[in-house]
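The values are calculated or read from the model by the stated rules, or taken from the named source; none is laboratory data. Please read these numbers as outputs of a predicted model, since none were measured by experiment. Cβ atoms come from the backbone with ideal geometry, glycine included; neighbour counts cover every protein chain shown. These area figures cover heavy atoms from the full protein model, side chains too; ligands, DNA and RNA do not enter into them. Shrake-Rupley method; radii C 1.70, N 1.55, O 1.52, S 1.80 Å.
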Amino acid sequence: MAQNNNPDAHMILVEEALDIIMGHVAETPVEEVVSWRAVGRPLARDVATDIDLAPFANSAMDGYAVHARDLAEADDGHPVVLEVVGHEAAGHVFEGSVGEGQTVRIMTGAPVPEGIDAVVKYEIVEVLDGDGNEGSHVAFRKPACVGENIREAGLEARRGDVVMRAGEVVTPAGAG
């Protein structure tokens, strides 16, 4: 018997190959698992957030949380000096109020204290005495703009927004 050496003789159309493959695929049952166990699995349905992400306004950088109006007249010739009344790290909430002439040392990701409307980056603030934390005095040589270096609550997603789509594979970040 003659052997057919034509490679095209054994080929099938892509559509036929897909039909063969899909004929051997079975739908798996949907399982409900805790989020951390879902990593690496595809979602059966869309997932919406039940909170604003981030749930609070937070600092976009290390610096000093201020009332922008306190720095309105700041310049190189006439720096504005503020008293540091607290220190706020990520995961910590400053308990108290920040009055006129006062500031709070704040770290990236920390919630912005009530009534604060700007964060001035650490690198451009001069520490006059102490270590720059509570009890110190710091000088500002330029005005701050309202909203400067503050990430508003809900910046990533608002409550009810779909944050992951059906079929998407859950990543560690997505599980979080």
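Worth pointing out:
- Ala26 meets the conditions (1) outside the structural domain of Ala144 (by the TED database); (2) farther than 25 Å from Gly167 by Cβ; (3) not charged (D, E, K, R) in every case but one. The failed one is (2).
- Taken over the stretch 106-137, the criterion of being farther than 10 Å from Asp70 by Cβ, surrounded by 22 or more Cβ atoms within 10 Å (Cβ to Cβ) and out of contact with any Phe, Trp or Tyr (no Cβ under 6 Å at 6 or more places or on another chain) is satisfied by Ile106, Ala110, Val112, Ile116, Val119.
- Scanning the stretch 62-81 for residues that are closer than 13 Å to Ile124 by Cβ and either in a helix (DSSP H, G or I) or open to solvent by 70 Å² or more (accessible area, probe 1.4 Å) (or both) turns up Leu71, Asp76.
- Residue in the stretch 151-169 that is modelled with the lowest pLDDT, counting only those that are among the charged types (D, E, K, R) and either part of a loop (DSSP other than H, G, I, E, B) or open to solvent by less than 70 Å² (accessible area, probe 1.4 Å) (or both): Glu156
- Any pair with Cβ under 7 angstrom, 6 or more apart, that starts in the stretch 37-53 at a residue that is within 15 Å of Pro172 (Cβ to Cβ) and ends at one that is at pLDDT below 90: Ala38/Ala175; Val39/Ala175
- Filtered residue count, the stretch 36-50, keeping only those that are open to solvent by 80 Å² or more (accessible area, probe 1.4 Å) and either out of contact with any helix residue (DSSP H, G or I) (no Cβ under 9 Å at 6 or more places or on another chain) or in a loop (DSSP other than H, G, I, E, B) (or both): 4
- Given (1) among the small types (Gly, Ala, Ser); (2) in contact with a Gly (Cβ under 6 Å, 6 or more places away or on another chain); (3) open to solvent by less than 60 Å² (accessible area, probe 1.4 Å), index of the condition Ala90 fails: (3)
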